[in-house]
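As C-alpha coordinates, the structure follows; a few thoughts come after it.
The values are calculated or read from the model by the stated rules, or taken from the named source; none is laboratory data. Being a predicted model, the structure only gives us computed values, none of them experimental. SASA here: full protein model, heavy atoms, side chains in, ligands and nucleic acids out. Shrake-Rupley method; radii C 1.70, N 1.55, O 1.52, S 1.80 Å.
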Amino acid sequence: MSYRVIQVGTGGQGARWCSTFLPPNIEDGLIDVVAAVDVNEEEHENAKNHLGLTDEECYTDVERAFEEHDADICNVVVPSQIHEDVVDVALAHD
(Lines give C-alpha, C1' and ligand atoms only; values in the text may rest on other atoms or scores of the structure.)
Protein backbone atom coordinates (compact mmCIF):
# COMPACT_ATOMS: atom_id res chain seq x y z
CA MET A 1 0.00 0.00 0.00
CA SER A 2 1.31 3.43 -0.88
CA TYR A 3 0.42 6.63 0.92
CA ARG A 4 -1.09 9.50 -1.08
CA VAL A 5 0.93 12.68 -0.56
CA ILE A 6 0.33 16.36 -1.24
CA GLN A 7 3.66 18.18 -1.42
CA VAL A 8 3.28 21.78 -0.24
CA GLY A 9 6.31 23.78 -1.31
CA THR A 10 8.20 22.96 -4.50
CA GLY A 11 10.73 25.79 -4.55
CA GLY A 12 13.65 26.42 -2.20
CA GLN A 13 13.91 23.41 0.15
CA GLY A 14 10.77 22.02 -1.48
CA ALA A 15 12.74 21.66 -4.71
CA ARG A 16 15.14 19.36 -2.88
CA TRP A 17 12.22 17.29 -1.59
CA CYS A 18 10.99 16.96 -5.18
CA SER A 19 14.38 16.04 -6.63
CA THR A 20 16.04 14.07 -3.84
CA PHE A 21 13.87 12.95 -0.93
CA LEU A 22 10.58 11.89 -2.55
CA PRO A 23 11.66 10.00 -5.72
CA PRO A 24 13.24 7.02 -3.89
CA ASN A 25 10.03 6.59 -1.89
CA ILE A 26 7.97 6.72 -5.07
CA GLU A 27 10.23 4.13 -6.70
CA ASP A 28 9.89 1.88 -3.63
CA GLY A 29 6.09 2.14 -3.85
CA LEU A 30 5.81 3.79 -0.43
CA ILE A 31 4.17 6.99 -1.64
CA ASP A 32 2.19 8.38 -4.54
CA VAL A 33 2.42 12.16 -4.84
CA VAL A 34 -1.07 13.18 -5.95
CA ALA A 35 -0.59 16.97 -5.98
CA ALA A 36 1.92 19.72 -5.34
CA VAL A 37 1.41 23.30 -4.21
CA ASP A 38 3.58 26.40 -4.52
CA VAL A 39 2.49 30.02 -4.79
CA ASN A 40 5.12 30.53 -7.48
CA GLU A 41 3.97 28.70 -10.60
CA GLU A 42 7.54 28.60 -11.95
CA GLU A 43 8.46 26.28 -9.06
CA HIS A 44 5.87 23.75 -10.24
CA GLU A 45 8.49 22.61 -12.76
CA ASN A 46 10.26 20.83 -9.90
CA ALA A 47 7.17 18.72 -9.22
CA LYS A 48 6.60 18.06 -12.90
CA ASN A 49 10.21 17.17 -13.71
CA HIS A 50 11.03 15.08 -10.64
CA LEU A 51 7.68 13.71 -9.49
CA GLY A 52 5.96 13.28 -12.84
CA LEU A 53 3.03 15.54 -11.97
CA THR A 54 0.94 17.26 -14.62
CA ASP A 55 -0.12 20.90 -14.81
CA GLU A 56 -3.52 19.86 -13.45
CA GLU A 57 -1.87 18.32 -10.36
CA CYS A 58 0.06 21.50 -9.50
CA TYR A 59 -1.61 24.30 -7.57
CA THR A 60 -0.99 27.77 -6.22
CA ASP A 61 -3.91 27.42 -3.78
CA VAL A 62 -3.39 24.86 -0.99
CA GLU A 63 -7.12 24.76 -0.15
CA ARG A 64 -8.00 23.82 -3.73
CA ALA A 65 -5.37 21.06 -3.82
CA PHE A 66 -6.86 19.47 -0.70
CA GLU A 67 -10.41 19.87 -2.02
CA GLU A 68 -9.54 18.08 -5.26
CA HIS A 69 -7.28 15.30 -3.93
CA ASP A 70 -7.58 12.78 -1.14
CA ALA A 71 -4.29 12.42 0.72
CA ASP A 72 -2.91 10.47 3.63
CA ILE A 73 0.11 12.72 4.15
CA CYS A 74 1.01 16.34 3.60
CA ASN A 75 4.65 17.42 3.38
CA VAL A 76 4.94 21.02 4.48
CA VAL A 77 8.11 22.57 3.07
CA VAL A 78 7.31 26.27 3.17
CA PRO A 79 8.55 29.22 5.24
CA SER A 80 7.87 28.59 8.92
CA GLN A 81 5.55 31.57 9.29
CA ILE A 82 2.94 29.86 7.08
CA HIS A 83 3.28 26.29 8.39
CA GLU A 84 0.30 26.68 10.70
CA ASP A 85 -1.95 27.87 7.87
CA VAL A 86 -1.06 24.82 5.76
CA VAL A 87 -1.50 22.44 8.70
CA ASP A 88 -4.92 23.96 9.43
CA VAL A 89 -6.03 23.28 5.85
CA ALA A 90 -4.68 19.72 6.00
CA LEU A 91 -6.47 19.03 9.28
CA ALA A 92 -9.71 20.46 7.92
CA HIS A 93 -9.50 17.84 5.14
CA ASP A 94 -8.62 14.96 7.47
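The table for this structure:
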{"quantity": "Under the Karplus curve 6.51 cos²θ - 1.76 cosθ + 1.60, θ = phi - 60°, whole-Hz ³J(HN,Hα) for segment 87-94, x wherever Gly or Pro sits", "calculated": "4, 4, 5, 4, 5, 5, 10, 6"}
{"quantity": "Euclidean distance of C-alpha centroids, segment 35-53 and segment 74-89, integer Å", "calculated": "17 Å"}
{"quantity": "Sulfur and carbon atoms: percent of accessible area, segment 1-40 [1.4 Å]", "calculated": "52 percent"}
{"quantity": "Mean separation of Cα contacts under 8 Å, 6 or more apart, over the residue count of the chain: relative contact order %", "calculated": "35 percent"}
{"quantity": "Under the Debye formula (equal points on every Cα, no solvent term), log10 I(q)/I(0) of the chain at q = 0.11, 0.17, 0.25 Å⁻¹", "calculated": "-0.25, -0.63, -1.40"}
{"quantity": "Average accessible area per residue (Å²) across segment 1-91 - probe 1.4 Å, nucleic acids and ligands excluded", "calculated": "58 Å²"}
{"quantity": "Cα pair distances in segment 47-94, grouped into 5 Å bins until the bin that holds the longest one, percent each", "calculated": "5, 18, 28, 27, 16, 5"}
